[in-house]
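Each remark here refers to the structure printed beneath this line.
Bear in mind that the values in this text are calculations on the coordinates, not laboratory data. From a predicted model like this one, the values you see are computed outputs, not experimental measurements. All Cβ positions, glycine included, derive from the backbone under ideal geometry; neighbour counts span all protein chains shown.
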Amino acid sequence: MEFKNITVVVENAIGTLTINRPKALNALNTETLKEIQLGIQEIKETAGIRVLIITGAGEKAFVAGADIQEMSEMNSIEALGFSKLGHFTLKMIQDLDRPVVAAVNGFALGGGTEIALACDFIYASENARFGLPETTLGVFPGFGGTQRLPRLIGKGKSKELIYTGKMITAQEAFQMGIVNRVIAPASLMEETKKVAAQIAGNGPVGVKLAKMVVDGGFNMDLVEACSLESYAFGLSFSTHDQKEGMKAFLEKRKPNYQGR
Ligand code: CAA
């Protein structure tokens, strides 16, 4: 599919969705959010993709937020719709039945931090900057920042970032537990692809079920969540990949997973 503000490339079972709107540092306008939805749908329908990487085009920005020019002309009802559009798009990313890794290569502000938070985990280049500066614009985060960030790092640190609107470095984001790894800018994509390849080499059904159970169990109490895990664990034994993975171990060879 041809897009204006994103690209989707597939290479060795790894999809890369790049947000590419250089004139606005990859800011998310309505058109770009709708394209991301179409891109995610296309990836969902491509069985050969086992892991998705989301990044930003260029060296300066991952995503510099929701589009301020577009938002500046919205009334309340339009802003409500825009927030819902952002939420729907980020939920598509979060619910994709394969791992999604954010490779944050520069400014990830407002909607940029929020889209990264919708991914399974975040790798960041040393020059990445995170923040939720919406209160400096007279509003507050509208694409999940008030909800996903506290669930990841707790309420106190999230409130500090949201109330101050301050920008933090990749290293600070790492120390807070927002980012899993900080990488030299020139190596960010290579290192992210390496981990994506490692995941893609594992049993796709097991990885998919693990994502469903971690996310699905997160807001349950421990008893219910462990029960969900048991049922999904049992389910995994009905698959080709479970038989192949364990047989390959016992035969001392590499497994040939088929994702079924
Ligand atoms: N929306 C629209 N355009 C944006 C943008 C955004 N979020 N961020 C940057 N741009 C545009 C700038 O207006 C500028 O355009 P022109 O060249 O036409 O003037 C271009 O991108 C380059 O930006 P700067 O000249 O500002 O670049 P800089 O290096 O001086 O600063 C920056 C970089 C610190 C990222 C700065 O651009 C900035 O602060 N951007 C806004 C960040 C922000 O507040 N994001 C949150 C948005 S609100 C939100 O996301 C709401 C939500 O939760 C739903």
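Of all the residues in region 65-78, those that are assigned to a loop (DSSP other than H, G, I, E, B) and within 20 Å of residue 37 (Cβ to Cβ) number 3. Restricting region 12-43 to residues that are hydroxyl-bearing (Ser, Thr, Tyr) and within 13 Å of the ligand (Cβ to nearest atom), the residue that is surrounded by the most Cβ atoms within 10 Å (Cβ to Cβ) is 32.
When region 166-184 is filtered for residues that are within 13 Å of residue 106 (Cα to Cα) and in a strand (DSSP E or B), the ones remaining, listed by number, are 167, 168, 169, 182, 183. Residues in region 119-146 that are of a type in the set (Asp, Glu) and within 12 Å of the ligand (Cβ to nearest atom): 134 only. Among the criteria (1) within 16 Å of the ligand (Cβ to nearest atom); (2) more than 27 Å from residue 83 (Cβ to Cβ); (3) not polar (S, T, N, Q), the one residue 159 does not fulfil is (2).
Hey, any hits in region 45-57 for a residue that's over 23 Å from residue 127 (Cα atoms) and either within 13 Å of the ligand (Cβ to nearest atom) or touching a Ser or Thr at 6+ places or on another chain (Cβ under 9 Å) (or both)? There is no residue in region 45-57 that is over 23 Å from residue 127 (Cα atoms) and either within 13 Å of the ligand (Cβ to nearest atom) or touching a Ser or Thr at 6+ places or on another chain (Cβ under 9 Å) (or both). Taking first residues from region 125-143 that are assigned to a strand (DSSP E or B) and partners that are among the polar types (S, T, N, Q) and near the ligand (Cβ under 10 Å from one of its atoms), the Cβ contacts under 8 Å between residues at least 6 apart in sequence or on separate chains come to 130/113; 131/113.
When the criteria are applied in full, residue 103 meets the requirement of being of a type in the set (A, V, I, L, M) and crowded, with 24+ Cβ neighbours inside 10 Å.
Kindly establish whether residue 62 is farther than 30 Å from residue 194 by Cα and surrounded by 21 or more Cβ atoms within 10 Å (Cβ to Cβ). No; evaluated as a whole, the condition is false for this residue. The number of residues in region 79-113 being part of a helix (DSSP H, G or I), of a type in the set (A, V, I, L, M, F, W, C) and either within 8 Å of the ligand (Cβ to nearest atom) or under 17 Å from residue 39 (Cβ atoms) (or both) comes to 6.
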